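Here's the structure, in structure tokens; my notes come after.
What follows draws every value from the coordinates through simple rules; no lab data is involved. Small disclaimer: the values here were computed from a predicted structure and weren't measured. Cβ sites come from the backbone with ideal geometry, for glycine too, and all protein chains shown count toward neighbours.
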Amino acid sequence: MYETKLNPDFNKLKTFFPNITDVDVTRIQEEGGVPVILEYMSEAGYLRVCEGLRSAVIKYGIEDHYAELLYLILQKNEQIRERYDAYQQNYSDDQTSKEVAKFLLAYKESKPNQHFQLVAKPVTGSVAIKDTAVAKWMCEQIYKAIETKDFPLGVFGEKLLYDLFGDDFNSDIPISIERLKATAELKPRKPTVRVKKLLVEFCLYLQVYLLNETKLTALPDVLLTDAQANFFFDILESIGYVDREEIESEPKDYIHAMFRNHI
């Protein structure tokens, strides 16, 4: 979390904050701005956005709108970031549930006389417990810890208990093989579409200001201009949502495609 103070011209922002009166605007100016609390951005992240936006407004000749755009960017990012993080966390939790369930299932379905080993694969290479009795004992401890819910909160994400026990995760029932198999067969889907819809929402929010207050306008039948698309890419990159090194198309084409597919 980071807290700062900004002093945008709220006369330019009345489309976004219609309840602000002239008296409010005067008071804000006299007080030197308004406090901005950023729950989802560190000081380093804030400074990176400031630098990226400053370069962008100079590039596109809209320097007089820096303070207002910065305020809108920070406010809108706070709104979408909670959903953005939730989508990413949900995918990560599904992946964790699947991996843990496959591990537990492999232990549970191993036969008594079957050779069984426990393998770890750190960066330096594979390490194995090759003694069957030792490996099974270690797996049994992990299995019991999960079954009795005796493990550090959050270590397996937020969905494993529900995936394995359903609505009965507060009871003492054992893990059923059926739920274990179902969880092991989960097919987590990357939240790409949902994330890109959020980014389009972010861009459309800023586009209202560009159209109403700056020279980055567009004809009535034009959804998005190249200049606007390049501007949005620069801003999204400064926040960390996109990386030009990871895309194959031109930045403006990437944003155009995102608008076409996710509006």
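For the stretch 1-139, the Kirkwood estimate of hydrodynamic radius, built from reciprocal distances between every pair of different alpha carbons, is 20.1 Å. In order along the stretch 61-70, the phi-based Karplus estimate (6.51 cos²θ - 1.76 cosθ + 1.60, θ = phi - 60°) of 3J(HN,Hα) comes to x, 10, 4, 5, 10, 4, 5, 5, 5, 4 Hz; Gly and Pro are listed as x. Packing, as the average of other Cβ atoms within 10 Å across residues, places the peptides 122-132, 143-153 in the order 143-153, 122-132, highest first. Mind checking which lysines have their C-alpha under 17 Å from LYS130, skipping anything on the same chain fewer than 8 residues away? Cα-Cα hits under 17 Å: LYS111, LYS121. Near the amide H of VAL36, within less than 5 Å, lie the amide hydrogens of THR4, LYS5, LEU6, all on another chain or at least 5 residues away, with H placed in the peptide plane. With N counted as the residues of the stretch 145-205, its alpha-carbon radius of gyration over 2.2 N^0.38 Å works out to 1.59. Take 241-253, 206-218 and order them by the average number of nearby Cβ atoms within 10 Å per residue, most first; the result is 206-218, 241-253. Largest first, the three principal axis extents of the alpha carbons in the chain are 78, 42, 35 Å in whole numbers.
Specify the inter-centroid distance of the stretch 1-40 and the stretch 200-221, based on alpha-carbon positions, in whole Å. Each part reduced to its Cα centre gives a spacing of 21 Å.
Over its Cα atoms, what ratio of radius of gyration to 2.2 N^0.38 Å does the stretch 76-194 give?
Taking N as the residue count of the stretch 76-194, the ratio is 1.24.
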